[in-house]
1. Please work out how much length the chain gains when fully extended from Arg175 to Ala33, using 0.36 nm per residue of separation minus the C-alpha to C-alpha distance, in nm with one decimal.
2. FRET efficiency for Glu442 and Arg81, Cβ-Cβ distance as r, R0 = 25 Å, nearest 0.05?
3. About the Cα centre of the chain, what is the dipole size in debye to 20, counting +1 per Lys and Arg Cβ and -1 per Asp and Glu Cβ, all else neutral?
4. Lys and Arg at +1, Asp and Glu at -1: add these up for the other residues within a Cβ distance under 14 Å of Glu381 and post the number.
5. For an R0 of 45 angstrom, estimate the FRET efficiency from the Cβ-Cβ distance between Glu352 and Ser399 and round to the nearest 0.05.
6. Beta carbons within 10 angstrom, averaged per residue: use that to sort the peptides 142-149, 373-380, highest first.
7. Which loop-located trypsin sites (Lys or Arg not before Pro) does the stretch 306-396 contain, where loop means any DSSP state but H, G, I, E or B and the Cβ has at most 12 other Cβ atoms within 10 Å?
8. Give me the number: length gained by fully extending Arg136 to His330, i.e. 0.36 nm times residue separation minus the C-alpha to C-alpha distance, one decimal in nm.
Amino acid sequence: MAAARDLRAIETAGPSDAVELAKRHLVQPWPFAGSVGAEARALIGEGDGIYITDGTGKKLIDGPAGMWCVNIGHRREELARVMYDQAMALSYNTPWYTMNAPSAELAMRIAGYAPGDLSHVFFTTGGSSAVETALRFMQFYNNVRGRPEKKLILSRGGAYHGSTYLSASLNGRPRDRDWMDGADDLVVKLSSPDPFRRPRGLSISAFTDVLVDEFRDTVGRVGADRIGAFVGEPVQASGGVIVPPDGYLKRIRQICRDNDILYVSDEVVTAFGRLGHVFASGDMFGIDPDMITFAKGVTSGYFPLGGVIISERLLEQLRRSNHPDAMFGHGLTYTSHPVGCAVALKNLDILEESVLAHTREVAPYFQAQLKTLEELPLVGEVRGLGLMACVECVADRESNDPLQLDKDVGKRIDAHCHELGLLVRPLINMCVMSPPLIITREQIDDMVSILREGISRTMDDLRKEGVWQG
Ligand SMILES: Cc1ncc(COP(=O)(O)O)c(C=O)c1O
């Protein structure tokens, strides 16, 4: 009854009531108990290029590119047309016992970009389902090989791998698991490879040794015969754009290889252009994982799609095992969705034509301009790679103390920037920037000057409130 009344209200009053309706009927992601189902989030009405327009008609730079995903920008007619054409040709087919052409072609093209012997793709609906698929595949693989005890998963502080039960169990960011259950008996946690937060007085190279030793010691202590996989983002994205020290990932890769531990590189954020390459694992970090997970930028966010690329060696071992009838009991209704795969093919064309090269060209400028924000006393560090960066605020440079949660610095900066025409992704004391890859130098200048002003206004507020005196 209440819903029917609301529907009549919106028919007469128009879409500006959407925020009100959401407050009454929508449970939004990552809500707090005190406001669950009653939140008024900013309404976004339209998108065009690197810009979005909010419910009041205000034009904003889309600083996070949606959620690290609108890589080729909003309102690309080519993608809209492909979606229409594919839906008119074949909107869906059951992947249980049929297949479609776009998924086969896309798998071939993705395998062509993947490092090492990664040859086959299992398509999913997004990043969490991609990580979940990789982990369930590892369990299946070890069961079929007669190694049912080899199932533990190594993951790290600062990681974000998804919101399904098993993928979320790997998460290591502050707050993610405070009130949530997880498969803790299956996961072993390691330190985040965060050079900014390394112990005082330790050089970066000594810090790298500490991380590698911790990994090797953990494998020794827990036992390689019990560890099935390591899952890691090449650059920890939602943990605050943590770029690992040089050589670290290669050394971890080698330990995994030596101990028959599958290396799963979670490229849900870093793939499809964010770092200027289709995949970063091989092209930027020189590693050849056993599996790569991807999502987001594969369709530039126009259609929910993700996937896992799997090594030929693993598949061959299964094909030659003593259990040819063992079934990998895993599949999604929308696995290999023809519309998603058609969109991804067109998106890949556009990345290849110009966007990858453009990203590599503007990324150093993007990083250099953002780095100038370190002049501001509230900013502890600006770091990043490609077109992803993080501005981390601290109480003071001496202690590098992250400002306390109750000061909500990221959210305060975001609120000022919103006023000034920029959407920021706030993360506790950090602001993450990952704009659409088509951003120009002039637009980077706009973005950085708004961010500078937003941080300056936040510093003024904190001083006025007497909670910070930098
Ligand atoms: C590295 C990484 N893996 C997995 C995921 C989960 O992806 P999704 O939200 O599409 O399920 C995310 C989401 O941000 C991510 O950043």
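1. This chain segment gains 49.8 nm when fully extended.
2. Given R0 = 25 Å and the Cβ-Cβ separation, E is 0.30.
3. Working: 50 positive and 61 negative charges, 137 e Å.
So the magnitude is around 660 debye.
4. Values: positive: Arg197, Arg198, Lys371, Arg383, Arg397; negative: Asp194, Glu374, Glu375, Glu392, Asp396, Glu398, Asp401.
So the surrounding residues net to -2.
5. Working: r = 47 Å, r/R0 = 1.04.
For Glu352 and Ser399, the calculated efficiency is 0.45.
6. Going from most to least packed, we get 373-380, 142-149.
7. Arg320
8. Once the chain is fully extended between Arg136 and His330, it gains 69.1 nm.
The values are calculated or read from the model by the stated rules, or taken from the named source; none is laboratory data. Nothing here was measured: the structure is a model prediction, and the numbers come from that model. Ideal geometry is used to build each Cβ from the backbone, glycine not excepted, and the neighbour counts take in all protein chains shown. Keep in mind that these areas ignore ligands, DNA and RNA; they rest on the heavy atoms of the full protein, side chains included. Shrake-Rupley method; radii C 1.70, N 1.55, O 1.52, S 1.80 Å.
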